[in-house]
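Everything below concerns the one structure shown next.
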Amino acid sequence: MKGIVFTEFLELVENKFGMEYVDDIISKSELESEGVYTSIGTYKFSEMVQLLTHLSEKTQLSINDLLHTYGLHFFSVLKNSYPDIIKQYETPLDLLNAIESHIHVEVRKIYPDAELPKFDVTNKESFKMTMIYTSSRGMYSFAKGLMESTFKHYGKEASIAITKLNNNGTEVKFDIQQHA
C-alpha cells in the first residue's frame, strides 16, 4: 500500500482526534515501519489494518465508518495533487466512469507498483451508474467516501447504495443515482 495513504490517514487522525491518538494507535500496533511513513514508500496493508483497528477501539467508531470518513477526506488530496485530471471531466459520473481507463492509468505512471482496486462499470446512463468494486483489501467504505466527495466537488448530490457480493466486502456493487 502506498505511503501517501498512510501519511494522509495519520494527518486526518491528528486533525480529527489529536496527536495523542496518532501516538496511541502507533504505539499499540506492531508495525514493521515503526509508524514512520513517507508518501512515496510502500508499506504492508496489515499496518493499516492495525492502525484502523486501534483507532476503532479508541473512538468506538466502526472501521467502515472510519474508512468512509477517510475517503471523504482523501478526495481533497487527489483534487489538490491532480487538479488537471479532475478538470477534464464535466460531471461526477464521467469522472467515476474514467477510474479504470484514465485515473488508475495516471496513478500507475506515478506509482507503478500500486495495488489499486478494480472498478468495472456495468451500466451507465445519464444520471445513474452501476459499478463493481473488487479489491482484496475490502475498503469499499473508503471508495464510497471518495465517490460522495466527487459529487460534492461538482455541486451535485447522489444516492449510493452498496450491495456486498461476498461476506468480506472484497467484491461490492455500487448503485449510484445522481439527483437532478
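The values are calculated or read from the model by the stated rules, or taken from the named source; none is laboratory data. Everything numeric here is computed off the predicted structure, so don't read it as measured data. Every residue, glycine as well, gets a Cβ built from its backbone with ideal geometry; the counts of neighbours run over all protein chains shown. Note: accessible area is taken over every heavy atom of the protein model, side chains too, but ligands, DNA and RNA are not part of it. Shrake-Rupley method; radii C 1.70, N 1.55, O 1.52, S 1.80 Å.
Over the stretch 1-81, accessible surface divided per residue gives 51 Å², non-protein components excluded, 1.4 Å probe. Ranking Ser46, Ser126, Val5 by how far each Cα lies toward the positive end of the dipole of the chain (charges on Cβ) leaves Ser126 at the top. Phi angles of the stretch 106-117 translate, via the Karplus equation with coefficients 6.51, -1.76, 1.60 and θ = phi - 60°, into HN-Hα couplings of 5, 4, 5, 5, 7, 10, x, 9, 5, 9, 9, x Hz per residue; Gly and Pro are given as x.
Net charge dipole, the chain: roughly 540 debye, given to the nearest 20, about the Cα centre with Cβ charges of +1 for Lys and Arg and -1 for Asp and Glu. Extension gain, Thr42 to Met19, is 6.0 nm, computed as 0.36 nm per intervening residue step minus the present C-alpha separation.
Between Val121 and Ile132, the built amide H atoms are under 5 Å apart, and every one of these is 5 or more places off in sequence or on another chain. Distances between every pair of Cα atoms in the chain, grouped in 5 Å steps from 0 to the bin holding the largest one, split as 1, 8, 16, 21, 21, 16, 11, 5, 1, 0 percent. Counting every C-alpha pair in the stretch 108-147, the share spaced more than 16 angstrom apart comes to 48%. Between amide H atoms placed 1.01 Å from N, distances below 5 Å from Lys128 occur with Gln178, all of them 5 or more places distant or on a separate chain.
Put a dot 7 Å past the Cα of Ile132, heading toward its Cβ, do the same for Thr69, and the two dots end up 3.3 nm apart.
Under 19 Å from the 7 Å Cα→Cβ point of Lys118, by amide nitrogen: which residues of the stretch 127-150? The answer is 130-141, 143-144. Across the chain, the mean sequence separation of Cα contacts (distance under 8 Å, 6 or more residues apart), normalised by length, yields a relative contact order of 19 percent.
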